Amino acid sequence: MSNNQILMIYTGGTIGMYKDLKTGSLVPFDFDELLDKIPELQLIDKKIDTISIEDPIDSSNVRPYHWILLAELIKEHYDNYDGFVILHGSDTMAYTASALSFMLENLSKPVILTGSQLPIGDLRTDAKENIITSIQIAGSYENGKPVVPEVGIYFEFKLLRGNRTVKASSEHFNAFDSPNYLPLAQSGVELNFFKNRILPVPDGIFYAHTGLEQNVIVVKLHPAITETYLSHIINLPRIKAIILETYGSGNAPVDDWFINLIKDAVENKSIHIINVTQCQKGRIAPYKYETGRRLMSAGVYNGKDLTTEAALTKMMYLLSKNLSKKSIKSAFERPLRGEMS
Ligand code: ASP
């Protein structure tokens, strides 16, 4: 049931930054000052409580323990609020949103991340609209049920599924893109939700999973990649999984050294290797080309249309669950939170 209360969690990001006069660079300031800059919040017909992480950060400093902290905060306050708005820097927002989407199991309340490209104190700031509409989305209920029971990113008039989102621009207000999934809502004169694209309220009981395996790395293929480089990576101690950003629809070189290294990693070192495309848009079509087929037959998993951000955090989540190798593969290759089609 809705109780008209929203919890806003401040983590830092441009939204709450000011220019350090000594260096000329943007650094985060504290939350009370941020709230003073948005008197409009008082006009919203919701009670908004706020908390800030102890030391607000530029999101380039986000580490997995911040995701755990956020999941724990949401767990602690879950029953008392209709929804949650997380103010976060845009640089790693898509990673945080993806991680939280997996960690917050059976989520049945909105968790909306937002931020801005210009600080809240800037005359031309995009922060106010982003925050105010995020709060409205987090508080939208119909017949006692949340309209958006999932982790989303709201930025520049669009609500996107968090684990489908990538940061696409460092200079436009429209900073995020969801290349393989349409927006969940669009804000204009009206706030329009596209309900057929939004996940249903899950049946199970909410649970915040706060474990994450950190020995997962991302490797981007490029034509100058060498055997020595790849072999070093595969032989690094403790590596559990590699998100391999391949070409086009999942293609990679067919050189024997390359395929043998991948096979060795999968068969002898039990490393999970995931095929995701380095293209902005589209999906893995594993058997379309010989170059894709050879890679898949070396034992690589099909990352379908996952973003790298979602593939990385999904693997970190699954590997922390004590599952068998077979269950990890089957869980990885099916959608858990609407992250793949
Ligand atoms: N560097 C900033 C951050 O991610 C950029 C932003 O907030 O837009 O914290």
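The values are calculated or read from the model by the stated rules, or taken from the named source; none is laboratory data. Note that the structure is a prediction, hence the values are computed from the model and not measured. Every residue, glycine among them, receives a Cβ derived from its backbone with ideal geometry; neighbour counts consider all protein chains shown.
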**Study point:** Residues located in the stretch 102-130, provided they are in contact (Cβ under 8 Å) with a residue 24 or more places away in the chain, of a type outside the set (S, T, N, Q) and over 18 Å from LEU184 (Cβ atoms)
**Key:** MET103, GLU105, LEU118, PRO119, ILE120, GLY121, ASP126, ALA127, LYS128
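Looking at ILE153, ILE135 in this structure, which one is in contact (Cβ under 8 Å) with a residue 60 or more places away in the chain, in a strand (DSSP E or B), under 28 Å from LYS46 (Cα atoms) and in contact with a strand residue (DSSP E or B) (Cβ under 8 Å, 6 or more places away or on another chain)? Spell out the reasoning first.
On the way: ILE135 fails: in a strand (DSSP E or B).
Just one listed residue meets the conditions, ILE153.
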Point to revise | Given (1) over 14 Å from GLY115 (Cβ atoms); (2) at pLDDT 95 or above; (3) among the small types (Gly, Ala, Ser), index of the condition GLY188 fails | key: (2)
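I'd like to check which helices (runs of 4 or more DSSP H) are fully inside the stretch 254-341 and have at least 1 residues that are touching a Lys or Arg at 6+ places or on another chain (Cβ under 6 Å). Don't jump to the end; show me each part of the working.
Details: elements: 256-267, 290-297, 308-319, 325-332.
Per the criteria, 256-267, 308-319.
From the list GLY292, GLY299, GLY303, GLY282, pick out the single residue that is at positive phi and touching a residue at least 40 places away in the same chain (Cβ under 8 Å). Write out each step before concluding.
On the way: GLY292 fails: at positive phi; GLY299 fails: touching a residue at least 40 places away in the same chain (Cβ under 8 Å); GLY303 fails: at positive phi.
Of the residues listed, the single one that is at positive phi and touching a residue at least 40 places away in the same chain (Cβ under 8 Å) is GLY282.
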Exercise for review: Output the residue which, of all residues in the stretch 54-65 that are in a strand (DSSP E or B) and buried (at least 16 other Cβ atoms within 10 Å of the Cβ), is nearest to the ligand (Cβ to nearest atom).
Suggested key: ILE57
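Within the stretch 70-99, how many residues are under 15 Å from the mean Cα position of the chain (by Cα), assigned to a helix (DSSP H, G or I) and either within 16 Å of the ligand (Cβ to nearest atom) or of a type in the set (S, T, N, Q) (or both)? If you could, list the steps in order and put the result at the bottom.
Just the residues of the stretch 70-99 that are under 15 Å from the mean Cα position of the chain (by Cα), to begin with: 70-71, 85-99.
If we keep only those that are assigned to a helix (DSSP H, G or I) too, we end up with 70-71, 93-99.
Checking which are either within 16 Å of the ligand (Cβ to nearest atom) or of a type in the set (S, T, N, Q) (or both) leaves us with 70, 93-99.
Going through the stretch 70-99 one residue at a time, the tally reaches 8.
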Check your understanding: Any residue at all in the stretch 19-26 that is over 25 Å from LYS128 (Cβ atoms), within 16 Å of the ligand (Cβ to nearest atom) and in contact with a helix residue (DSSP H, G or I) (Cβ under 6 Å, 6 or more places away or on another chain)?
Key -> no
**Study point:** Hits in the stretch 5-48 - residues which are within 29 Å of LYS145 (Cα to Cα), touching a residue at least 60 places away in the same chain (Cβ under 8 Å) and surrounded by 13 or more Cβ atoms within 10 Å (Cβ to Cβ)
**Key:** GLN5, ILE6, LEU7, MET8, ILE9, TYR10, THR11, ILE38, LEU41, ILE44, LYS46, ILE48
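Do we have any residue at all in the stretch 187-197 that's within 16 Å of the ligand (Cβ to nearest atom), hydrophobic (A, V, I, L, M, F, W, C), part of a loop (DSSP other than H, G, I, E, B) and surrounded by fewer than 20 Cβ atoms within 10 Å (Cβ to Cβ)? First the steps, then the outcome.
As a first pass, look at the stretch 187-197 and keep what is within 16 Å of the ligand (Cβ to nearest atom): none.
No, the stretch 187-197 contains no residue that is within 16 Å of the ligand (Cβ to nearest atom), hydrophobic (A, V, I, L, M, F, W, C), part of a loop (DSSP other than H, G, I, E, B) and surrounded by fewer than 20 Cβ atoms within 10 Å (Cβ to Cβ).
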